[in-house]
Amino acid sequence: MATYVVLLGPPGAGKGSQAKRIVKETAIPHVSTGDLLRAMKDQDTPLARRVQAIMAEGGLVDDDTTMAILRERLMEPDSCDRGAILDGVPRTLAQAETLDKMLAEEFSAAVGGVFLFSISEDEAVRRISGRRVNPDTGRVYHVEFDPPKVEGIDDETGTSLIQREDDKPAVVRERYQLYLEKTAPLIDFYRAAGKLHEIDANRPIDEITPDLVDAIKALQRTSG
Ligand code: AMP
């Protein structure tokens, strides 16, 4: 049976980094709406241009567009078989409600568990401002925690790394405020549903992974 897990928390809390590690251990695909929306940059349509502009400012893409893109991704065979580690979605109460309905009606499934990663705004800014990415492959480095061998250059492709527009400190602060306003209400929503697990995201990445993997494997056993 498929297992659906939500990673909830502000930008910079380490959701994406943990998701990539969890995939290796559990074989559940990592589904990031940020990655799916960023991939639209190659499309030259009014919708894609609007999405790029919203993302560059650190705003939220509208719920309908986001959930339609998510739905398409969840329809792919790997996710139908195994489920998804949802990273960056849901981000509003409306998205959470749509997700519940979509999983129940179209996938005969439900969110199995929600892991809340908490960190302060200053720590989020500190972590994100060191992030560098390969704009073509999406590979992520960090100047302090996971630097490339040569500064500013991808180890694999030899091409230049960039800082995402929305990783600049002023934009990160906007994104953090938006998280508090729009996404933090999901904490109570999932707590009330008895699905919330709290993670102290200030701990080093390596310490967090085994706890998460154990908890998700336990969910896989109950959903399997
Ligand atoms: P992320 O990679 O999760 O930090 O997302 C990067 C950007 O993509 C966000 O700042 C939003 O502009 C957009 N985005 C990603 N996921 C969502 C979502 N679930 N709802 C609305 N906008 C989103």
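The values are calculated or read from the model by the stated rules, or taken from the named source; none is laboratory data. Just so you know, these numbers come straight off a predicted model, no measurement behind them. Note: ideal-geometry Cβ built from the backbone for every residue, glycine included; neighbour counts use all protein chains shown. Remember, those area values only see protein heavy atoms, side chains included, never the ligands or the DNA or RNA. Shrake-Rupley method; radii C 1.70, N 1.55, O 1.52, S 1.80 Å.
Some notes on this structure:
- Residue within the stretch 66-85 that is away from the ligand (no atom under 15 Å from the Cβ) and touching a Lys or Arg at 6+ places or on another chain (Cβ under 7 Å) present: yes
- Residue tally, condition under 16 Å from the mean Cα position of the chain (by Cα) and among the polar types (S, T, N, Q), over the stretch 62-79: 2
- Summed over the stretch 58-85, the residues that are surrounded by 13 or more Cβ atoms within 10 Å (Cβ to Cβ) and of a type in the set (D, E, K, R) give a count of 6.
- Filter result for D62 (on the phi < 0 side of the Ramachandran plot, near the ligand (Cβ under 9 Å from one of its atoms), not β-branched (V, I, T) and not assigned by TED's automatic domain parsing to the domain that holds G138): yes
- Exactly one residue among E105, E198 is in the same structural domain as L7 (by TED's automatic domain parsing), without any contact (Cβ under 8 Å) to a residue 12 or more places away in the chain and closer than 25 Å to L70 by Cα, and that residue is E105.
- Within the stretch 37-57, the set of residues being within 11 Å of the ligand (Cβ to nearest atom) and either open to solvent by less than 50 Å² (accessible area, probe 1.4 Å) or not in a helix (DSSP H, G or I) (or both) comprises L37, M40, V51, I54, M55, A56.
- Residue-level check: of (1) open to solvent by less than 10 Å² (accessible area, probe 1.4 Å); (2) near the ligand (Cβ under 8 Å from one of its atoms); (3) under 27 Å from E207 (Cα atoms), Q95 misses just (3).
- Listed by position, the strands (runs of 3 or more DSSP E) contained in the stretch 111-204 that have at least 3 residues being under 30 Å from R82 (Cα atoms) and open to solvent by 60 Å² or more (accessible area, probe 1.4 Å) are 196-200.
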